[in-house]
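Let me begin by presenting the structure, written as structure tokens, before commenting on it.
The values are calculated or read from the model by the stated rules, or taken from the named source; none is laboratory data. Treat the numbers as computed from the prediction; the structure is a model and nothing was measured. A quick note on method: Cβ atoms are made from the backbone with ideal geometry, for glycine too, and the neighbour counts reach across all protein chains shown. Surface accessibility is based on the protein's heavy atoms, side chains included, excluding ligands, DNA and RNA. Shrake-Rupley method; radii C 1.70, N 1.55, O 1.52, S 1.80 Å.
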Amino acid sequence: AIQQETHKLYTLIYVFNNDNTKVLLGLKKRGFGMGRWNGFGGKVESGESIYDGAIRELKEESNLDAKNLEKKAIMYFKFEDNPIIIDVHLYTTSNISGDPVESEEMLPRWYDVPDLPYGFMWPDNKIWHPWLFEGKLFTATFYFKADQTTITGYKHSFVSS
Ligand code: 6OG
């Protein structure tokens with residue numbers, strides 16, 4: 001019981017176009033990560049699978065319906081002032097229907113993969129993007145200062161599929 005209370009489950013989806021040259025990001029308009037571009041996702045609700053939570057959050061935040069999510073990574077985020085570890089389950093898909101629509105939470109925009117706005121993203125993204133873009137599966141832990149900007153260290157390992 002104690003262990004469960006120290007982790008919070010989140011999802012994150014990166015939507016790619018059909019030839020993987022573009023990725024859909026959203027500018028977070030409120031809450032945790034406000035002002036930063038990221039994939040789409042949020043907290044997993046009780047009684048919901050992580051996969052279904054990912055689909056639901058993408059729909060809520062972008063109005064896209066997605067299928068055939070591929071699981072790519074689990075990332076753990078630890079802030080120096082906070083005992084709660086954020087577990088982010090990362091998925092990708094190119095199988096979407098509809099067009100992205102701005103929501104209360106996110107302003108969606110397609111980016112060319114070589115041209116991502118790293119100055120306006122969580123700083124971990126530029127560390128793990130090369131692993132993702134090379135098609136690797138991974139787990140990683142990132143240690144943040146309380147400022148939510150400084151990464152003091154990280155560790156990772158690749159997972160065989
Ligand atoms: P809501 O607050 O919207 O869910 N998330 C992170 N993503 C990255 N790249 N780095 C982090 O470092 C993150 N912490 C959380 C998970 C928050 C969304 O933000 C992701 C969710 O998709 C600390 O419910």
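In segment 112-133, the count of residues that are within 25 Å of residue 21 (Cα to Cα), among the charged types (D, E, K, R) and more than 17 Å from the chain's Cα centre (by Cα) is one or more.
The test for being polar (S, T, N, Q), within 22 Å of residue 82 (Cα to Cα) and either within 9 Å of the ligand (Cβ to nearest atom) or open to solvent by less than 20 Å² (accessible area, probe 1.4 Å) (or both) does not hold for residue 6. Quick check: is even one residue across segment 147-155 within 18 Å of residue 39 (Cα to Cα) and away from the ligand (no atom under 14 Å from the Cβ)? Within segment 147-155, none of the residues are within 18 Å of residue 39 (Cα to Cα) and away from the ligand (no atom under 14 Å from the Cβ).
Filtered by the rule that a residue be assigned to a strand (DSSP E or B) and not basic (Lys, Arg), segment 142-161 gives 142, 143, 144, 151, 152, 153, 154, 156, 157, 158, 159. Restricting attention to segment 142-152, the residues being small (Gly, Ala, Ser) and open to solvent by 80 Å² or more (accessible area, probe 1.4 Å) number 0. Scanning segment 52-85 for residues that are touching a residue at least 40 places away in the same chain (Cβ under 8 Å) and polar (S, T, N, Q) gives 62, 63, 82.
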